[in-house]
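S.K.: Have a look at this one before I ask anything.
Derivation of every value follows stated rules applied to the coordinates shown; laboratory data play no part. Please read all numbers here as calculations on a predicted model, not as lab measurements. A quick note on method: Cβ atoms are made from the backbone with ideal geometry, for glycine too, and the neighbour counts reach across all protein chains shown.
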Amino acid sequence: MVSGPQDEFLEMLKAELSDPKYQEELRMVITQRPENYRKKVEAQELGMENIMKTEEGYRQNNKPAPQGAVDAALKRADERMLRESPLLQEKNLKFSGGMLVPDIAKYKKMKAA
């Protein structure tokens, strides 16, 4: 139920951001930025598999890391970034139902403040 100009705007914003084209762009940005935070999350996820990122590539116990283990760790890093990236709070977004959408509660708090 839309009850005012702000609610109408938020519904339009939500509909616009739900477009698959925008979702793809948003995911790319949110999962990779900020770069220092991404590096930290990646290192944590790779570390769970005893994998290190080096100039020569990914290494596990001084040997090349299995690609499957690297892919799984990077996928976990992406999933964490979709929920933890500082950009989510900065841009008033949240990950809900598999999509990045406006955090309507935060927008409404902004208006109240």
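S.K.: By how many degrees, between 0 and 90 and to the nearest 10, does the Cα long axis of helix 5-17 differ from the longest principal axis of the chain?
M.R.: Between helix and principal axis, roughly 30 degrees.
S.K.: Would you count, across segment 1-64, every pair of lysines whose alpha carbons are under 29 angstrom apart, provided the pair is eight or more residues apart or spans two chains?
M.R.: 7
S.K.: Compute the helix-to-body angle for 20-32: its Cα long axis versus the longest principal axis of the chain, expressed 0 to 90° and rounded to tens.
M.R.: Taking Cα atoms only, the helix is inclined about 50 degrees.
S.K.: Starting from the Cα of K75, step 7 Å along the direction of its Cβ; do the same at E56; then give the gap between the two resulting points in nm.
M.R.: 2.8 nm
S.K.: With labels modelled as points extended 7 Å from the Cα through the Cβ direction, what inter-label distance (nm, one decimal) is found for M48 paired with F9?
M.R.: 3.9 nm
S.K.: Calculate how steeply helix 67-84 sits against the longest principal axis of the alpha-carbon atoms of the chain, using the helix alpha-carbon long axis, and give the answer as 0 to 90 degrees to the nearest 10.
M.R.: 30 degrees
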